[in-house]
Amino acid sequence: MKVHRTELEGVLLLEPALHSDARGLFLEMYNEKAFSLAGITERFVQDNFSHSKKGVLRGMHYQVGSSQGKIIRVLHGKIYDVAVDLRRESGTFGKWMSVYLEAEEHRALWIPTGFAHGFYVLSERADVAYKVTTFYTPDQERTLLWNDPDLAIPWPLEGEPILSDKDRAGHLFRDL
C-alpha cells in the first residue's frame, strides 16, 4: 500500500496494491499490519455503508466526546470528499482538504479523530463504505455547515445539492 500525506496533519490518502489478471483484480481493503506501518493504529469498531444518488451532499459531520476516525472508500461511483480539522491544538486547525474518490481508483482516505467530514456525489450513484474507530452516538453528533462562508469550500456542485434537514441546519465554524 502506498501512503500519501495530505496538507492536513494526520489525514492520509491510501492507495492499495492491485493484483490483476484475466479474472479481474484483488486488493486488501484493510490489513492491520499495513495500516499500522502507515501510522494508523486505531481499533475499528464499526463498518458503515451509504448509498446516495447524484447531487447528494452529506456532511459535514463530526462527534463530540467520542470523535470517530474514519477510513472512507467508494465502492461504486465518484465523490468529492472533504475533511475539516477541528482539533484546536493542531497546526492545521480550521483548515480543510478535499480529494476526489472513485471506485475505479480503489483509493481510500484516512481521517483521524477530530475532523468534520462530508462528501458530494458526482456520479449517478455512489456507494460509500466507512470503517470507524468509535460507535455512532446520535446525541454527540454535530454538523458543520457545508457552505460555511469562512471555510469557503469550493464544492463542485451541479445545481442545488440534495441535503438532509440536519445538514441544511449545520452550524458555522466560528460558532463551534
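Worth pointing out:
- The alpha-carbon of LYS78 sits under 26 angstrom from the alpha-carbons of these lysines, leaving out residues fewer than 8 places away in its chain: LYS2, LYS53, LYS54, LYS70, LYS95, LYS131, LYS166.
- For the stretch 68-176, the set of trypsin sites (Lys or Arg not before Pro) satisfying both a DSSP loop assignment and a count of at most 13 other C-beta atoms within 10 Å is given as ARG88.
- Euclidean distance of C-alpha centroids, the stretch 76-122 and the stretch 134-166, integer Å: 12
- Distance between the modelled labels on TYR30 and ALA17, one decimal in nanometres: 2.1 nm (7 Å Cα→Cβ projection).
- Remark: spin-label model distance TYR100-VAL45 equals 3.6 nm, labels positioned 7 Å along the Cα→Cβ axis.
- The value given for the stretch 1-77 is a Kirkwood hydrodynamic radius of 15.2 Å, derived from the mean inverse Cα-Cα separation.
- Evaluated with a Cβ-only charge set (Lys, Arg +1; Asp, Glu -1), the stretch 78-176 carries a dipole of roughly 320 debye about its Cα centre, given to the nearest 20.
- Per-residue ellipticity at 222 nm from helix content only, as computed over the chain with -39500 (n - 2.57) for each DSSP H run of at least four residues, stands at -1000 deg cm²/dmol.
- The stretch 1-66: GluC sites (Glu not before Pro) falling in loop per DSSP and having at most 13 other Cβ within 10 Å: GLU7, GLU28
- The stretch 1-51: trypsin sites (Lys or Arg not before Pro) in DSSP coil with no more than 12 other Cβ atoms inside 10 Å: ARG23, ARG43
- Under 11 Å, Cβ to Cβ, from GLU7 - net charge with Lys/Arg +1 and Asp/Glu -1: 0
- Local net charge near ILE40, Cβ-Cβ under 12 Å (Lys/Arg +1, Asp/Glu -1): +2
- The residues packed around HIS76, meaning those with a beta-carbon under 11 Å from its beta-carbon, carry a net charge of -1 if Lys and Arg are +1 and Asp and Glu are -1.
Values quoted throughout were computed directly from the atomic coordinates according to the rules given, and no laboratory measurement underlies them. Just so we're clear, the structure is a prediction, and the values are computed from it rather than from any experiment. Cβ atoms come from the backbone with ideal geometry, glycine included; neighbour counts cover every protein chain shown.
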